[in-house]
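Each value in this text was obtained by applying a stated rule to the coordinates, not by laboratory testing. Just so it is clear, the structure is predicted and the values come from calculations on it, not from any experiment. Counting neighbours? That spans all protein chains shown, and the Cβs are built from the backbone with ideal geometry, glycine included.
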Amino acid sequence: MEQATLDLFESADLAVSRSSKVDYKAEIDDPRIDEVRILRPQEIPIYIADGLFDLGITGRDWIEETESDLVSLGQLHYSKATARPVNIVVAVPEDSPYEKMQDLPKGVKVSTEYPNLTKNFFISQGVEAEIHLSYGATEAKAPDIVDVVVDLTETGRALKAAGLKIIDTIITSHTELVANRESAENPELRHAMDQIHTLLEGTLEARGKVLVKMNVETSQLQDVLEAIPSMKAPTVNELAKGEGYAVETVVAKSEINVLIPELRDKGASDIIELPLSKIVH
């Protein structure tokens, strides 16, 4: 997750500089940012709530686990491997007779890195559990050490590989840009925070998209427009001397290998595909 975040900041023209990969002090060459620390996501909500930092990125799972009072400036749709959110799930061995929370017996042993989330969820489900804090490799502890694990999963592959099945989901967690409550109420600081959010969100919005530009004769314009899977209505401008139209639009990069030949077949010419760094709505 750390590398995915560093990559996002670099793409947003907020590149993080540090002397080495193990240095937790860093810098961003931006007048709105005084200092940078690279910390574990478990710690970030606590430090921001305590006022040690104004702004940070962490997951909703750790905000809820630490019960931190923060202001969320918005979700950032990226994670370690995909753009999907992660889930904190309850899982048991594949050959276990348990299919739902209500099947779990009294005193069931649970291993998790999320003791507070787990305790509160099990209480809400009426299940009395013995909860053990895990310091990693949680999925490897069932069935030999515990009966149940509560763990984070993005794709579900690690749990399946460990011979586990999911019987419930405690929380769906997105990555979020969060702020200290007092700092967020300061107009000058909040304006800077919102500007940084704009850069990050615009960078994520542009991922997987390209700009396509082309020229089209008047008689073929409608056919070309019908072929374009545009985010919004394409931009269409008449060329000088009334010799046709210039058309541009944003489309998914995954569709471009089929789209460009189709546009050419429909009569488009001078087709240009351009990469996008940011899309800010």
Practice problem: Please sort by residue number the chymotrypsin sites (Phe, Trp or Tyr not before Pro) in the stretch 104-154 whose DSSP state is loop and whose Cβ has at most 15 other Cβ atoms within 10 Å. | Solution: 135
Quiz prompt | Point-charge dipole on Cβ atoms (K/R +1, D/E -1) for the stretch 141-246, about Cα centre, debye to 20 | solution = 300 debye
Practice problem: Compute the Cα gyration tensor for the stretch 86-172, then decide on rounded, prolate or oblate, letting a ≥ b ≥ c be the square roots of its eigenvalues: rounded whenever a/c is under 1.5, prolate when a/b is larger than b/c in the other cases, and oblate in all that remain. | Solution: rounded
Quiz item: Residue by residue through the stretch 61-78, which ³J(HN,Hα) values in whole Hz follow from phi under the Karplus form 6.51 cos²θ - 1.76 cosθ + 1.60 (θ = phi - 60°), with glycine and proline marked x?
Solution: 4, 7, 5, 6, 4, 8, 6, 7, 8, 10, 9, 8, 8, x, 7, 10, 7, 8
Quiz item: Which value, in Å to one decimal place, does the Kirkwood hydrodynamic radius take for the chain when every pair of different Cα atoms is included?
Solution: 22.3 Å
Quiz prompt | Loop trypsin sites (Lys or Arg not before Pro), the stretch 1-62 (other Cβ atoms within 10 Å of the site Cβ: 16 or fewer; DSSP) | solution = 18, 21, 32
Quiz item: How would you rank 139-151, 2-14, highest first, on the average number of other Cβ atoms within 10 Å across their residues?
Solution: 139-151, 2-14
Quiz item: So how compact is the stretch 152-252: Cα radius of gyration and Dmax in angstrom?
Solution: 23.2, 69
Quiz item: Can you give the net charge of the other residues whose Cβ lies under 12 Å from the Cβ of residue 198, counting K and R as +1 and D and E as -1?
Solution: -2
Quiz item: Can you flag which of 106/141; 21/253; 160/209; 25/209 are past 29 Å Cα-Cα?
Solution: 21/253; 160/209; 25/209
Practice problem: Once you've got the GNM for the chain with C-alpha springs shorter than 10 Å, pick whichever of 64, 255, 113 has the biggest mean-square fluctuation. | Solution: 255
Self-check item: Cα-based Rg / Dmax (Å) for the stretch 160-216
Solution: 19.9, 57
Exercise. Taking the Cβ of residue 227 as the centre, find all other residues whose Cβ is under 9 Å away and add up their charges (Lys, Arg: +1; Asp, Glu: -1).
Key: -3
